[in-house]
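Written below as structure tokens is the structure these notes are about.
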Protein chains: 2
Amino acid sequence: MFFEAHRARLDRAVQAIDAREYWSPYPESPSPSIYGEDAAKTGEAAFQALLNNRFELDQPGTGDYTGQETSPYGLELGITYPHSDPAALVEAASAALPGWRDAGPQARAGVALEILKRINERSFELAHAVSHTSGQHFVMAFQAGGPHAQDRALEAIAYAYAESTRQPTRATWEKPQRKGDPLRMDKKFTVVPRGIGLVIGCNTFPTWNSYPGLFASLVTGNPVIVKPHPRAILPLAITVSIAREVLAEAGFDKNVVTLAVEAPGELIAGDLATNPAVKIVDFTGSTEYGDWLEANARQAVVYTEKAGLNTVIVDSTDDYKGLLRNLGFSLSLYSGQMCTTPQNILVPRDGIDTDQGRKTPAEFAADLASGVDKLLSDPARAVGTLGALANPGVVDRLAKAHELGEVVLASRAVEVDGLPKATVRTPVIVALDAKDEDTYTTEWFGPISFVISTDSTEHALDIFRRTVSAHGALTASVYSTSENVLSDTELAALEAGVHLSENLTQGVFVNQSAAFSDFHGTGANPAASTALTDPGFVTGRFYVLQSRRHAPVEGAEVG
Amino acid sequence: MFFEAHRARLDRAVQAIDAREYWSPYPESPSPSIYGEDAAKTGEAAFQALLNNRFELDQPGTGDYTGQETSPYGLELGITYPHSDPAALVEAASAALPGWRDAGPQARAGVALEILKRINERSFELAHAVSHTSGQHFVMAFQAGGPHAQDRALEAIAYAYAESTRQPTRATWEKPQRKGDPLRMDKKFTVVPRGIGLVIGCNTFPTWNSYPGLFASLVTGNPVIVKPHPRAILPLAITVSIAREVLAEAGFDKNVVTLAVEAPGELIAGDLATNPAVKIVDFTGSTEYGDWLEANARQAVVYTEKAGLNTVIVDSTDDYKGLLRNLGFSLSLYSGQMCTTPQNILVPRDGIDTDQGRKTPAEFAADLASGVDKLLSDPARAVGTLGALANPGVVDRLAKAHELGEVVLASRAVEVDGLPKATVRTPVIVALDAKDEDTYTTEWFGPISFVISTDSTEHALDIFRRTVSAHGALTASVYSTSENVLSDTELAALEAGVHLSENLTQGVFVNQSAAFSDFHGTGANPAASTALTDPGFVTGRFYVLQSRRHAPVEGAEVG
């Protein structure tokens, strides 16, 4: 029933994934003129109403309630969630599978699109939930956790729908014979899901990183168990509750989508991921755990996004200020807690040519540091860019980073009026040498970057190719006025298996990737086993099964 | 250069995979009116000229020559092949990769299509090569090893081309801004191969089972090392030599395709499959080795076709004679040495309703046996259907099968004039009971089938669902006059993850699968990890990498 209502949007989305030009169906601006005069107020009230309460989901296997989320801005959320027995969730998902399978791609896409519509309508509430779990500042949480995540969800729906409807549902096969009538067979093709999907969410982008797997699995017929990060449950709890509401309205078993919340220290993901009925795992998080899943969840197809060494190659520029502004903002945005934030900035030892004259690595590092310092000089504006540190692990790592080399820019705490408990810190920039490979081939997740002196741009490309092939990366960028260097870097990026941004000096940043146009991750380096989103992200989620029989002879009586 | 020449055929093939109706570009009839008056004679002469000679491939790392193929019809082929060092082949493939990658999908598809064209022109020569390695009778070897394998190759090319050109190569992204000019980015998308492909061939269908992986990997940019079964080298040696000839003509490094022949007992497949540079493995063969590859070739994506329990559910029929004729032929064709040959025939204990009256399992088994016996009564015609047993393993298994239960039809040797050394055997049919699960849940590859008494059709469906889910199957079929039973069986087949043929009584057999229409394998049960061929068979073979830069401002001077 929802399919017809949303068909035009789906068709447009399928067109968008084929063109990969700009398209964004969910407006990113939290403007009252778009979302309504009361949207901000209603959304905040809805969020407030959730605090210090039980979050009910009416799930099977629910005994007690659990949850201990604390906002990086200091607020204790005080929300508890149904602590469902994982085995009961698997059983319920298995029971829900046949009905969801038999619904077919159109009905499933319709339900998915209706879920998304309602998610979009609750973008303000979700923004507060994302902000108070991830530490993203409100506007970023609104955009990245709301409309941008919704765009990514729709992109996944479009790929899942397009690939799972690529085969016809029926065909007549008619093979001419040398003598007599042709052989004729009627054939039926049915999409069947792989099994149960498990989506393991992360702390920093609970919706953006979870939605593609969630919606791709749903549209291809798989019930999904959503296992949120214990520090970022609320955004996915809201998502799951909306999904269950729409499923029920559409007449489906609402256990097609359930939430698996764990008690502190319970660590249920491993058991779920290796459950024989779980056939798809989508994971965002640490390399260590991602590698564990790939090695152990052998009964499932495993899509991981892990960590890497995002690299910037600085060769030369004709817009030095633009470079510093753009790169400085990329290092600062959400305190570098993006899987796309640059870490290793490679600068040739004998300096780079710029429109402001030649700059040595030390001069470059100092200019970058002063740019960042200036960007973050006003505390209120700084917190808008930085947000808060998501968890104590990042705080500890940031402290440790100051001991790794010559500190070009020291991190400082930002005191913000009205947010006394917020953990807001500016980035650290450390100068290293190419030989400090042990240091910069580890991912230092958080507001930690290295300006690394190399022998030459060629040397930098060699380091880039080698370290990213070995350790992975989600982004890479290059600054050069030479088309030869750009083209060499493109080749190195192809070989390292990472997407490349070139000469970003204006209003697009290396850590932004736009749904329907930019791919996020590639699968071609160790940082991720898949791209969000492309056909390869969805084709492993379903099978096409066929039945055939002789076609009735024409003119024959039908019993 | 070859792309334009073959573009119309490629376009037609892409249309065919979307419609899945009948289409066959390579004529299956070895008729002089199609292949030319001299084709048969020329092909045989070409085959004869290969015997007792070195097969030269001008490959790297070639030291000595090796090869010990003996035809199941008695002929010692006496052909030796370059015994190349596997490490040298990997190195040569790695060196060939960049040029092949940079050629792009169109040039690669053009080369692949030209290779296929020349393979097709040598179908008679290949038919002799397939017949004298697999034991298939000449006409079957011509069809299955020639045009049908070529159709499957083209199908794989079409999927590989369609999926790897689904993303545009360039796009302009233009995001409107509230104030001022839009943000504009130029984006480039490049298909890069996963790495080196390894194709591990089998004894019985050296070309048909190897071509999809070979051509899918090639078109998506991966150099391929072809590792033939030691008993069936020649068909793939001819294939590789044609590929190298076309590659060289097109100006590519011919080491894009190489042949890895092993000396007796050398077992090089495991080392090749786990070589870090090998990123794709296509395998057809035993469950044991397929499982080993899946568990150990962790650096690669592994596509396997293994063994299973092909099952027939007999419930009722309105064409008893048609059923017996069709099923009897399926059991006999190529002595049951097809991965699609029925093994477990489930018949309710209290009999089936037919247009010839009610038949108990014993009566059904006797009628099936006498049908097979009659089909194979004339030795010359019998060998045309049966071919020869491919290897001593099948002969031994056939002997052992006579001890498994009540022998309804004993196998006998067929003596054929002019083929004194040929190992031609008729099928064995053994009666079992549902409780003999230990026996019939093992695959008995070869001319070995079981008529198994069950409590009811419902019981049969339960056995079918359970045993195929656990042990896999490549085919399933059902005979029933009841639409309810057919529909229950369709559901059971969806749940077991196997394709289903219904009421085959005419000129289509369960062990035939037509390229461009029937899928072979599903990936949804343990018999195969993938379907030949669908989008999921090709999307794992490449990545799409992106670069982007600010678009030049319109009207600005260009340096």
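All of the numbers you see were taken from the coordinates with simple rules; none came from a lab. Predicted model, so just to flag it, every value in this text is computed and none were measured. Positions of Cβ are backbone-derived with ideal geometry, glycine not excepted, and every protein chain shown enters the neighbour counts.
Worth a mention:
- Relative contact order [Cα under 8 Å, 6+ residues apart], the stretch A:163-288, whole percent: 27
- Total charge dipole magnitude, chain A, about the Cα centre, Cβ charges on Lys, Arg, Asp, Glu only, Debye to nearest 20: 1800
- Projecting the Cα atoms of B:T66, A:T172, B:G497 onto the dipole axis of the protein assembly as shown, where Lys and Arg carry +1 and Asp and Glu carry -1 at the beta carbon, places A:T172 farthest toward the positive end.
- Whole-Å semi-axes of the stretch B:281-341's equivalent ellipsoid (Cα gyration tensor): 35, 12, 8
- Considering only A:V538, A:P223, A:S286, and ranking their Cα positions along the charge dipole of chain A that arises from unit charges at the beta-carbon of Lys, Arg, Asp and Glu, the one farthest toward the positive end is A:P223.
- The alpha-carbon of A:K187 sits under 13 angstrom from the alpha-carbons of these aspartates and glutamates, leaving out residues fewer than 8 places away in its chain: A:E174, B:E21, B:E490, B:E502, B:D518.
- Over chain B, relative contact order from alpha-carbon pairs under 8 Å, at least 6 apart, %: 17
- Considering only B:V111, B:S84, B:P348, the residue lying farthest towards the positive end of the dipole of the protein assembly as shown is B:V111, judged by Cα position with unit charges set on Cβ.
- 3J(HN,Hα) couplings calculated from phi for the stretch A:475-481 with the Karplus curve 6.51 cos²θ - 1.76 cosθ + 1.60 (θ = phi - 60°) are, in sequence order, 9, 8, 8, 9, 10, 7, 8 Hz; Gly and Pro show x.
- Listed residue pairs exceeding 29 Å between alpha carbons, taken from A:K41/A:K400; A:K400/B:K279; B:K374/B:K400; A:K306/B:K279: A:K41/A:K400; A:K400/B:K279
- Mean separation of Cα pairs under 8 Å and 6 or more residues apart, divided by the residue count, gives the stretch B:311-502 a relative contact order of 29 percent.
- Here, the stretch B:81-166 yields an orientationally averaged convex hull projection of 7.0 nm² when only Cα atoms define the hull.
- Dipole moment magnitude, nearest 20 debye, the protein assembly as shown about Cα centre, only Lys, Arg, Asp, Glu C-beta charged: 960
- Helix B:39-50 axis, angle to chain B major axis (alpha carbon atoms, nearest 10°): 80
- Solvent-free Debye scattering, log10 I(q)/I(0), computed from the Cα coordinates of chain A at q = 0.06, 0.07 Å⁻¹: -0.32, -0.43
- With Cα atoms, 0 to 90° folded angle of helix B:287-296 axis to chain B main axis: 30
- The string of couplings for the stretch A:306-314 from the Karplus curve (6.51, -1.76, 1.60, θ = phi - 60°) is 10, 10, x, 10, 5, 10, 10, 9, 9 Hz, one whole number per residue in order, with x for Gly and Pro.
- Sorted largest first, extent of the protein assembly as shown alpha carbons per principal axis (Å): 98, 64, 49
- Database remark: amide H of B:L432 closer than 5 angstrom to the amide H of B:V451, B:I452, B:S453 (H placed geometrically; neighbours at sequence offset of 5 or more, or on other chains; Pro and chain starts carry no H).
- The stretch A:311-502 shape via C-alpha gyration tensor axes, a/c threshold 1.5: prolate
- Share of Cα-Cα pairs in the stretch A:16-96 lying beyond 18 Å, as whole percent: 66
- Using all pairs of distinct alpha-carbon atoms, the Kirkwood hydrodynamic radius of the stretch A:446-559 works out to 17.5 angstrom.
- Net charge of neighbours whose Cβ lies under 14 Å from the Cβ of A:F124, counting Lys and Arg as +1 and Asp and Glu as -1: -3
- Each of A:D291 and A:D373 was given a label point 7 Å from its Cα along the Cα-to-Cβ line. The distance between the two points is 3.8 nm.
- Sorting the Cα pairs of the stretch A:268-372 by distance into bins of 10 Å, from 0 upward, gives 14, 33, 18, 16, 14, 5, 0 percent per bin.
- The magnitude of the dipole of the stretch A:311-502, with charges of +1 and -1 set on the Cβ of Lys/Arg and Asp/Glu and taken from the Cα centre, is near 820 debye.
- DSSP-defined antiparallel bridges as percent of all bridges, the protein assembly as shown, nearest 5: 40
- Under 5 Å from the amide H of B:G387 lie the amide H atoms of B:H137, B:Y334, each residue being 5 or more positions distant or on a separate chain, with H modelled from the backbone and absent for Pro and chain starts.
- In summary, the aspartates and glutamates within cross-link reach of A:K179, defined as a Cα separation below 18 angstrom excluding same-chain residues under 8 places away, comprise A:E554, B:E28.
- Charge tally for A:E114 (other residues, Cβ to Cβ under 10 Å; Lys, Arg +1; Asp, Glu -1): 0.
- On Cα atoms only, tilt of B:457-471 relative to the major axis of chain B in degrees: 40
- Computed log₁₀ I(q)/I(0) - Debye formula, equal Cα scatterers, no solvent, the stretch B:159-238, q 0.15, 0.16, 0.18 Å⁻¹: -0.65, -0.70, -0.79
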